[in-house]
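Down below is the structure, laid out as structure tokens.
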Amino acid sequence: MWKIYLEVRKIEPRVNWQIRVRKIRVIDENGKQLGIMTPKEGMRIAQQKGLDLVEVAPKASPPVCKIMDYGKYMYEQKKRAREAKKHQKTAELKEIRFKYDIADHDYQFKLRHAEKLLGSGKRVKISIIFRGREVVHADLGRKMLEKFAAALSHVGSIEQYPRMDGRMMSILLVPNPEMTEKGDDEDAEDEEQQKR
């Protein structure tokens, strides 16, 4: 009957009066160890310098606290996280759908499209849709997906083999590592030509 809602938030380091342990190891703003003392003594030293006492290693025994400017510390942490997020590369997933009895021209068109996507470093999900009673021809769909993957083996490899999901059968292809490196080099060359 009772619903419990949990609030998920990022855990920030404890500062000054939030530090509630008997003994802490204190490090000053220059990285020099001041020794083991009570949090009250550490806060007194920090206040004399006009800084904060920040718990940097709560799991250590005793916990390690550093005298620093808390606002500046949090700003640098957020800046570092933003930089890490910028340099993080996510692989896009594109999906191509068709029926198992697709015409040859349409099949070739979809094949070329998937080849371009894999060449540009994107992951590709190939799905075959079964409508109505067509689901009894799942073996034909599996053969079509395997044929499609074999035709793209020079630019991509299979990450997930054909599997049924409701009325769809799909396979997941990822670009070959040497193709993505080549694609990155080509992108860099294209950017240089555009700048000229």
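Can you give me the Rg/Rh ratio for the stretch 33-108, using Cα atoms for both radii and the Kirkwood formula for Rh?
Using only Cα positions, Rg/Rh for the stretch 33-108 is 1.54.
Given a Förster distance of 45 Å, report the FRET efficiency between H113 and E83 from their Cβ-Cβ distance, rounded to the nearest 0.05.
The computed FRET efficiency comes out at 0.80.
Please work out how much length the chain gains when fully extended from D69 to E29, using 0.36 nm per residue of separation minus the C-alpha to C-alpha distance, in nm with one decimal.
13.5 nm
Which entries of K23/K49; K23/K78; K79/K122 show an alpha-carbon separation above 24 angstrom in the structure shown?
Pairs exceeding 24 Å: K23/K78; K79/K122.
Just need the relative contact order of the stretch 93-189 here, percent rounded to a whole number, with Cα pairs under 8 Å and 6+ apart.
32 percent
Around Y75, with a cut-off of 14 angstrom between Cβ atoms, what is the net charge of the other residues, counting Lys and Arg +1 and Asp and Glu -1?
Combined, the nearby Lys, Arg, Asp and Glu give 0.
The stretch 16-70: Rg/Rh from Cα coordinates, Kirkwood Rh?
In the stretch 16-70, Rg relative to Rh is 0.90.
When only alpha-carbon atoms are used, what values of Rg and Dmax, in angstrom, describe the stretch 93-189?
Every Cα atom of the stretch 93-189 included, Rg and Dmax give 13.9, 50 Å.
Taking the Cβ-Cβ separation of R167 and K147 as r and a Förster radius of 30 Å, what is the calculated FRET efficiency to the nearest 0.05?
0.90
Read-outs throughout are calculated quantities, based only on the coordinates presented, and are distinct from any laboratory measurement. Remember, predicted model here, so these are calculated numbers, not experimental data. Ideal geometry is used to build each Cβ from the backbone, glycine not excepted, and the neighbour counts take in all protein chains shown.
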